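The numbers here are math on the coordinates, done by the rules we state, and not lab data. Keep in mind that this is a model prediction, so the values were computed, not measured. Quick reminder, even Gly has a Cβ in these numbers, built from the backbone with ideal geometry, and neighbours come from all protein chains shown.
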Amino acid sequence: MDEPLTLRERKKRATRTALGLAALDLFEERGFDAVSVAEVADRVEVSKKTVFNYFEVKEDLILGFGAHHIDEPAEAVRNRGPGLTPLDAMRDYVMTALEERQPFLGMSDAPVAMRVQELIRRTPALQARHMQYMEMTRARLAEALMEEKGSRLSARLVAAQLHAAQQVLAAENARRLLEGESPDDIYPDAVANARHAFDWLERGFGDLLRRPAEKGASRHAEPSGDRA
């Protein structure tokens with residue numbers, strides 16, 4: 001079980017959420033470029049400096065709702081069990097997120113999630129920052145793979161393919177959600193699509209970096225001729 005948050009941690013989370021919701025309201029009303037960080041701070045009655053204690057840049061006021069997902073693929077790979085490949089870990093991660101109707105996979109019709117999706121869709125600055133989030137996710141996933149004797153080239157190739165599969169699946173789900181379908185309606189196809197995507201990748205990756213099924217075994221496969 002997760003340890004309960006301290007009072008200080010709860011206050012920090014509440015402030016962060018209040019800033020994000022205030023920014024969402026203001027950006028919807030007047031447009032992202034027309035609203036300053038100072039105005040968001042005034043809406044929540046904190047200083048501009050306080051805003052930047054919580055968010056690195058203005059765009060993170062909106063994208064920060066999902067920033068915790070950046071490290072999750074890398075952690076899924078690091079924490080996978082015996083006998084599992086990185087692909088197995090990513091497939092399990094995606095399947096669990098679909099079942100939980102997670103917004104980052106386009107599977108939540110919660111009002112805030114829908115508002116954030118729509119604002120990103122029509123705001124170039126948020127789209128650019130979102131791409132930076134995606135690159136951070138790929139880079140951290142590649143780092144996790146390199147920790148297991150994978151070459152830099154192999155790690156980057158595998159990370160790119162695994163993360164691209166996740167993003168294509170998320171985009172398809174989000175498209176249907178924005179067109180008016182419910183997460184429950186989308187779910188069966190989303191699961192089938194995810195199985196298809198990871199089965200397709202598995203035929204190419206094979207046993208790459210499969211962990212030993214038994215303690216003491218050692219088996220790390222690398223693509224033939226990889227010298228990167």
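Structural remarks
- At q = 0.15, 0.16, 0.31 Å⁻¹ the log10 of I(q)/I(0) for segment 64-107 amounts to -0.38, -0.43, -1.12, computed by Debye summation with a single uniform scatterer per C-alpha, solvent ignored.
- Nearby aspartates and glutamates by direct alpha-carbon distance to LYS58 (threshold 13 angstrom, same-chain neighbours under 8 apart not counted): ASP33, GLU39
- Relative contact order (%) - criterion: Cα under 8 Å, at least six apart; region: segment 1-54: 28
- Sequence ranges 72-78, 38-44, ranked by mean other-Cβ count within 10 angstrom, highest first: 72-78, 38-44
- Using θ = phi - 60° and Karplus 6.51 cos²θ - 1.76 cosθ + 1.60, couplings along segment 65-81 (whole Hz; Gly, Pro as x): 4, x, 5, 5, 6, 4, 8, 5, x, 4, 5, 4, 5, 5, 9, 5, x
- Distance between the 7 Å Cα→Cβ label points at ARG152 and ALA213: 3.6 nm.
- Coupling constants for segment 156-161 follow from the phi torsions by the Karplus curve (6.51 cos²θ - 1.76 cosθ + 1.60, θ = phi - 60°), and in residue order they are 5, 5, 5, 4, 4, 5 Hz; glycine and proline get x.
- Shape of segment 76-147, Cα gyration tensor, a/c cut at 1.5: oblate
- Per-residue Karplus couplings for segment 144-151, computed as 6.51 cos²θ - 1.76 cosθ + 1.60 with θ equal to phi - 60°, are listed in order as 4, 5, 5, 5, 10, 6, x, 6 Hz, Gly and Pro entered as x.
- When the square roots of the Cα gyration tensor eigenvalues are ordered a ≥ b ≥ c, the ratio a/c for segment 47-204 is 1.5 or more and a/b does not exceed b/c, which makes its shape oblate.
- Max mean-square fluctuation residue, GNM over the chain, Cα-Cα springs under 10 Å, options ASN173, ASN193, ASN53: ASN53
- Within straight-line cross-link reach of LYS149, lysines at Cα separation under 26 Å, skipping those fewer than 8 residues along the same chain: LYS215
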